[in-house]
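Data block below; observations after.
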Number of protein chains: 2
Amino acid sequence: MPKLRVHNFTVSLDGYAAGPDQSIDNPLGVGGGALHEWAFATRTLRQMFHMDGGDEGLDDTFAAQGDVGIGATIMGRNMFGPIRGSWLDDTWTGWWGDEPPYHHPVFVLTHHRRPPISMQGGTTFHFIDNGIDAALARAFDAADGDDVRIGGGAATIQQYLCAGLIDEMHLAIVPVLLGRGERLFDHLDGGPAGYECVDFVSSPSALHVRLARTTDSSPKVR
Amino acid sequence: MPKLRVHNFTVSLDGYAAGPDQSIDNPLGVGGGALHEWAFATRTLRQMFHMDGGDEGLDDTFAAQGDVGIGATIMGRNMFGPIRGSWLDDTWTGWWGDEPPYHHPVFVLTHHRRPPISMQGGTTFHFIDNGIDAALARAFDAADGDDVRIGGGAATIQQYLCAGLIDEMHLAIVPVLLGRGERLFDHLDGGPAGYECVDFVSSPSALHVRLARTTDSSPKVR
């Protein structure tokens, strides 16, 4: 059965997945760029953005897992861009340039309708305005037997965690203190219940943690 | 110059230093006991409680550092016991039996006066009702040139962090999800500003993190 997975989701030591005040100049909020230094040092991420070199150790092993067997991605609207409220026009097409590193359908959760955008390299952004279950159904359909990944951000992961829909989650906890911003483990009403830590290993740059459902729990909805 | 240090302060993957609903049956709140399994597996902690055996690896190295050069301890009243409000009588003398593992003066922050208690093995509990600065002055005086340790809990550490008084802090982040409870990194108003991560290394049981002042910051008060 296809799974819903989170990969390479990076959190500061003090628990923040993004700094405050996201803007076009600070896609991950003020200070948030430091979160992903570990990932951009890996061979996998560098190749994704057509750069040579990069490390091939533990960080790379985890980074590479994020694409294996994934057929579609779901993300929150704030991960897609800095615009809030209604779309002003159709010029914003994401942070990733003409060829986003997805190469498959991406479902963007939003309250504001917008036609799909087909990008170079096989990525199509679809805008879903009728909730996380609808987005998940569309994504599993598009993935056609492969797994679906939740890209982020924190609020989107929280919604799927609360609904009991996430099967496994890889987090990278990094030696960075942000002080404020968006927490991953927040608004969970006692969650993440029903998960246990199945990997716990660090490089000098990141602690890699993998959470999976406990064997006695099962998805609430599917 | 003597330092104010935190050691072996353990936090769950989701950021909690204690579970909810602390009580005499759950000194660390519901589920909180799992936080300290790494520590009680070490030779250092087992010796502290007069038990044989225990691991001697990375966890033990960090555990042992917590006592080196420490001459006094400060703790919050909730770390001392489950009683809230006025002391009902003098029967509660801490969680640690007749011979607490401190063997030096311990200053307990409280709003409710109480005479000192001398325990076996050299621990004396002093109750300080005029604030964190007064407690710190008393503790440095008692330590007589040695360092002072803050034992916890989260609220006590937060107060000293906000005041810029902590020099270094060792945290153990463990593969446990508590879901709710008392967060360490909370109520900090943008803090812990002025600290950087100088150690970041994991065993299978804990990620050990050491935070120290950045070289360009200095104590706000001393």
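Each value in this text was obtained by applying a stated rule to the coordinates, not by laboratory testing. Computed from a predicted structure; not experimentally measured. Using ideal geometry, Cβ is built from the backbone for each residue, glycine included, and neighbour counts are taken over all protein chains shown.
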Quick one: among A:S23, A:S118, A:S86, which has the greatest mean-square fluctuation in a GNM of chain A with alpha-carbon springs under 10 angstrom?
A:S86
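Per DSSP helix of 4 or more residues, -39500 (n - 2.57); summed, then divided by the residues of chain A. What does that give at 222 nm, rounded to the nearest 500? The partial results should precede the final answer.
Numbers: 6 runs with 43 residues, N = 222.
Estimated from H runs of four or more residues: -5000 deg cm²/dmol.
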Classify chain A: rounded, prolate or oblate, from the alpha-carbon gyration tensor (a ≥ b ≥ c, eigenvalue square roots; a/c under 1.5 rounded; otherwise prolate if a/b is larger than b/c)?
rounded
At A:D98, with labels set 7 Å past Cα in the Cβ direction, how many nm apart are the copies from this one, shortest first?
8.2
Quote the Stokes-Einstein diffusion coefficient, in whole µm² s⁻¹, for region A:107-202, based on the Kirkwood radius over alpha carbon pairs, a temperature of 4 °C and a viscosity of 1.567 mPa s.
83 µm²/s
Hey, for A:A193 with labels 7 Å out along Cα-Cβ, what do the inter-copy distances come to in nm, ordered shortest first?
3.9
If labels are modelled 7 Å from Cα along the Cβ direction, B:G85 lies from its partners in the other copies at nm distances, smallest first, of 5.0
If amide hydrogens are placed 1.01 Å from N in the peptide plane, which non-local residues have theirs closer than 5 Å to the one on A:T124?
A:H104, A:V106, A:M119
Please list the non-local residues whose amide H lies under 5 Å from the amide H of A:F200, H modeled 1.01 Å from N, same-chain partners needing a gap of 5 or more.
A:R210
If the label point is 7 Å along Cα→Cβ of B:H112, which residues in region B:79-103 have backbone nitrogen under 16 Å from it?
B:79-95
Output field shielding_mean for A:204-212 (other chain Cβ, 10 Å radius) holds 3
Relative contact order for chain B using alpha-carbon pairs under 8 Å, separation at least 6, rounded to a whole percent?
28 percent
Ranked from highest to lowest mean number of other Cβ atoms within 10 Å per residue, what is the order of the peptides B:88-98, B:1-11?
B:1-11, B:88-98
Antiparallel DSSP beta bridges within region B:1-132, as percent of all bridges there, nearest 5
15 percent
Tell me the relative contact order for region A:97-158 as a rounded percent, counting alpha carbon contacts under 8 Å between residues six or more apart.
29 percent
Per 5 Å bin from zero, what fraction in whole % of the C-alpha pairs of region B:134-182 is there, up to the bin with the longest pair?
4, 15, 24, 23, 15, 9, 6, 4, 0
Across region B:23-32, in residue order, what do the Karplus-derived ³J(HN,Hα) couplings come to in whole Hz, using 6.51 cos²θ - 1.76 cosθ + 1.60 with θ = phi - 60° and x for Gly and Pro?
7, 4, 7, 10, x, 10, x, 5, x, x
Non-local amide H neighbours of B:H7 (under 5 Å, H modeled in plane, Pro and chain starts lacking H): which ones?
B:I150, B:H170
Candidates A:Q120, A:Q65, A:Q159, ranked by Gaussian network fluctuation over chain A, Cα under 10 Å, top entry
A:Q120
Which of A:G151, A:G33, A:G66 fluctuates most in a GNM of chain A (C-alpha springs under 10 Å)? That residue is A:G33
Low-density loop cleavage sites - GluC sites (Glu not before Pro) in region A:106-202, where at most 12 other Cβ are within 10 Å (DSSP):
none
Average partner coverage of B:167-177, which counts Cβ from other chains inside 10 Å
3
Taking a ≥ b ≥ c as the square roots of the Cα gyration tensor eigenvalues, with a/c under 1.5 meaning rounded and otherwise prolate when a/b beats b/c, else oblate, which class fits region A:40-115?
prolate
With the radius of gyration and the Kirkwood radius both derived from the Cα set of the protein assembly as shown, what is their ratio Rg to Rh?
1.02
Can you give the mean number of other chain Cβ atoms that lie within 10 Å of the Cβ atoms in peptide A:10-16?
6
